[in-house]
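To start, the structure under review is shown below, and the notes come after it.
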Amino acid sequence: MTAFDVRHYDSIDSTNDEAVRLAHEGAPHGTVVHADEQTVGRGRLSRRWSSPPGNLYLSIILRPDLPAARNVEIGFIAALAVADAIETMLPRQERTTLKWPNDVLVRNGKISGILVEQTDDALILGIGVNVLEAPGGVSYNVSTIVGCGGLATVDGTRSALLTALSSWLDVWQRDGFAAIRSAWLTRAHPVGTPLRITIGDRTIEGRFADMRDDGALIIDTDEGRRICTAGDVGFA
Ligand code: BTN
């Protein structure tokens with residue numbers, strides 16, 4: 001069971017940046033930085049993360065005893081926690097789908113973003129959830145909890161998320177990444193789903209086949225089976 005200690009800010013540059021600063025000062029495992037808005041919210045691949053008031057922005061300092069190669073596991077744990085939390089607030093007919101590596105989708109729109117970063121001696125798990133505000137200016141479909149008929153507040157979403165995260169961290173500690181991988185696979189797009197993976201200026205098209213034991217994406221292309229450890233994945 002992880003005990004979370006939440007520090008709330010009205011406005012901040014980026015909760016991930018503040019979590020890095022606090023980690024350097026020795027803040028313990030479970031410290032949570034939550035802000036109502038971010039002025040320089042960051043996404044994956046050096047993108048901006050639009051962060052107006054109305055959505056959830058938080059970062060958690062984790063100090064797991066983990067070799068760096070296994071840091072990716074945290075992103076899948078977070079995606080499961082976000083999906084569970086969101087589903088407690090959505091109408092019964094609306095469900096989440098997971099897309100590699102850490103995306104959570106509802107009605108085919110991205111409803112959450114997860115950014116795991118390593119600092120000297122801690123992992124920073126940054127999570128954004130679209131509660132009320134749909135970010136504009138992005139090249140993919142987006143959803144919000146309220147827009148999908150959900151009943152949600154930012155604080156309620158935070159509470160549901162931290163509860164779910166604590167549970168999934170327990171599962172991971174008890175049963176290992178195999179249990180996380182298996183839960184992720186049952187909630188991900190089905191095997192055979194056409195995917196387009198962009199890595200820098202290269203694009204690979206194929207069909208979703210599996211997730212490797214270390215979290216890598218396995219796809220079947222016309223040229224054979226390919227393994228992806230990084231990249232942007234969209235539905236083809
Ligand atoms: C993505 O590109 O999908 C990841 C987005 C992660 C956004 C969250 S919001 C809270 C935390 N602080 C940041 O600056 N980024 C993450």
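222 nm [θ] for the chain, helices only, -39500 (n - 2.57) per DSSP H run of 4+, per residue, to 500?
The helix contribution divided over the chain gives -8000 deg cm²/dmol.
Give me the angle, in degrees from 0 to 90, between the Cα long axis of helix 177-187 and the longest principal axis of the Cα atoms of the chain, rounded to the nearest 10.
The answer is roughly 70 degrees.
Name the most mobile residue of P190, P67, P135, meaning the one with the largest mean-square fluctuation, in a Gaussian network model of the chain with Cα contacts below 10 Å.
With Cα springs under 10 Å in the chain, the top fluctuation among P190, P67, P135 is at P67.
Provide the per residue accessible area, probe 1.4 Å, for the chain, rounded to a whole number of square angstrom.
46
Can you classify the stretch 99-161 as rounded, prolate or oblate using the Cα gyration tensor, where a ≥ b ≥ c are the square roots of its eigenvalues, rounded means a/c under 1.5, and otherwise it's prolate if a/b beats b/c and oblate if not?
oblate
Looking at the chain as a GNM with Cα springs under 10 Å, which of S139, S159, S50 has the largest mean-square fluctuation?
The residue with the greatest mean-square fluctuation here is S139.
With θ set to phi - 60°, apply the Karplus curve 6.51 cos²θ - 1.76 cosθ + 1.60 along the stretch 38-44 and write out the HN-Hα couplings as whole Hz, x wherever there is a Gly or Pro.
10, 8, 9, x, 10, x, 5
Among G224, G147, W168, whose Cα sits farthest toward the positive end of the charge dipole of the stretch 86-236 (+1 at Cβ of Lys/Arg, -1 at Cβ of Asp/Glu, about the Cα centre)?
Toward the positive end, the furthest listed residue is G147.
Dipole size in debye (nearest 20) for the stretch 77-182 around its Cα centre, Lys and Arg Cβ +1, Asp and Glu Cβ -1?
440
About its Cα centre, what dipole magnitude does the chain give when the only charges are +1 on Lys and Arg Cβ and -1 on Asp and Glu Cβ, stated in debye to the nearest 20?
Once rounded to the nearest 20, the dipole reads 640 debye.
Quick one: if you stick a label point 7 Å off each Cα along the C-beta vector at R212 and E117, how many nm between them?
2.7
Using a Gaussian network model of the chain with C-alpha springs under 10 Å, which one of I77, I12, I204 is most mobile by mean-square fluctuation?
Sorting by GNM fluctuation, first place goes to I204.
Under a point-charge model restricted to the Cβ atoms of Lys and Arg (+1) and Asp and Glu (-1), what is the dipole moment magnitude of the stretch 1-120 relative to its Cα centre, in debye to the nearest 20?
In total the dipole reaches around 560 debye.
Just want to confirm a number: the relative contact order over the chain, from Cα pairs under 8 angstrom separated by 6+ residues, in percent.
Across the chain, relative contact order equals 17 percent.
The values are calculated or read from the model by the stated rules, or taken from the named source; none is laboratory data. Just so you know, these numbers come straight off a predicted model, no measurement behind them. Note that each Cβ is placed from the backbone with ideal geometry, even for glycine, and that neighbours are counted across all protein chains shown. Accessible surface areas use protein heavy atoms only, side chains included; no ligands, DNA or RNA. Shrake-Rupley method; radii C 1.70, N 1.55, O 1.52, S 1.80 Å.
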